[in-house]
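Since the structure comes first, as structure tokens, the remarks are kept for the end.
The values are calculated or read from the model by the stated rules, or taken from the named source; none is laboratory data. Not measured: the values here are computed from a predicted model. Note: ideal-geometry Cβ built from the backbone for every residue, glycine included; neighbour counts use all protein chains shown. Each accessible area value is taken on the protein alone, full model and side chains, heavy atoms only, with ligands, DNA and RNA left out. Shrake-Rupley method; radii C 1.70, N 1.55, O 1.52, S 1.80 Å.
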Amino acid sequence: TFLRGEFQAHVPDWVPVGKDLTVILSGVVEVLLGLSLIFLKKQRIAVGYVVALFFVIIFPGNISQFVNDVDAFGLTTDLSRGLRLLFQPVLIFWALWSTGAWHEWRNPTSR
């Protein structure tokens, strides 16, 4: 909560909410999503969709970091920032696969 500067560097200027508030709110959402993954076993597929959506929603921040050459979290080169962009789809797939949402999405009649 006290070292938010590097997180704020990811928030694109076009986000209509202040950068600090955006970081705080996204942090709260991340904690809630993590707790949901742990405790909401019966809703795991729905949670998987929500986590994947969260990864999609924060993707513009990663793009902004790459396009604007923002150094944060040890990502100080175009290569490292570009590689991070390539792993975002992996995180989305992982959220869907690990919760069973991928299987449910691909085979909706198998419930």
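Given the criteria part of a loop (DSSP other than H, G, I, E, B), open to solvent by 50 Å² or more (accessible area, probe 1.4 Å), without any contact (Cβ under 8 Å) to a residue 40 or more places away in the chain and not polar (S, T, N, Q), does L3 qualify? In short, yes. Does the range 26-48 contain at least one residue that is in a loop (DSSP other than H, G, I, E, B) and β-branched (V, I, T)? No: the range 26-48 contains no residue that is in a loop (DSSP other than H, G, I, E, B) and β-branched (V, I, T). Checking each residue in the range 101-111 for being within 24 Å of L33 (Cβ to Cβ) and exposed (fewer than 13 other Cβ atoms within 10 Å of the Cβ) picks out R106, P108, R111. Restricting the search to the range 65-81, which residues are within 16 Å of the chain's Cα centre (by Cα) and farther than 17 Å from Q8 by Cβ? Result: no residue meets the conditions.
Filtering the range 37-49 to residues that are open to solvent by less than 40 Å² (accessible area, probe 1.4 Å) and either more than 16 Å from R106 (Cβ to Cβ) or charged (D, E, K, R) (or both) leaves only V47. A count restricted to the range 52-83 and to residues that are of a type in the set (D, E, K, R) and modelled with pLDDT of 90 or more stands at 2.
Residue count for the range 74-93 satisfying the condition of being outside any helix (DSSP H, G or I) and either surrounded by 12 or more Cβ atoms within 10 Å (Cβ to Cβ) or touching a strand residue (DSSP E or B) at 6+ places or on another chain (Cβ under 6 Å) (or both): 2.
Of all the numbered requirements in (1) more than 26 Å from S98 (Cα to Cα); (2) of a type in the set (D, E); (3) surrounded by 11 or more Cβ atoms within 10 Å (Cβ to Cβ), D13 misses one, and that requirement is (3).
Is it true that some residue in the range 50-64 is open to solvent by 30 Å² or more (accessible area, probe 1.4 Å), more than 15 Å from A9 (Cα to Cα) and not in a helix (DSSP H, G or I)? No, every residue in the range 50-64 fails to be open to solvent by 30 Å² or more (accessible area, probe 1.4 Å), more than 15 Å from A9 (Cα to Cα) and not in a helix (DSSP H, G or I). For the range 16-27, a residue qualifies if it is closer than 28 Å to T99 by Cβ and open to solvent by 80 Å² or more (accessible area, probe 1.4 Å), and exactly one does: L25.
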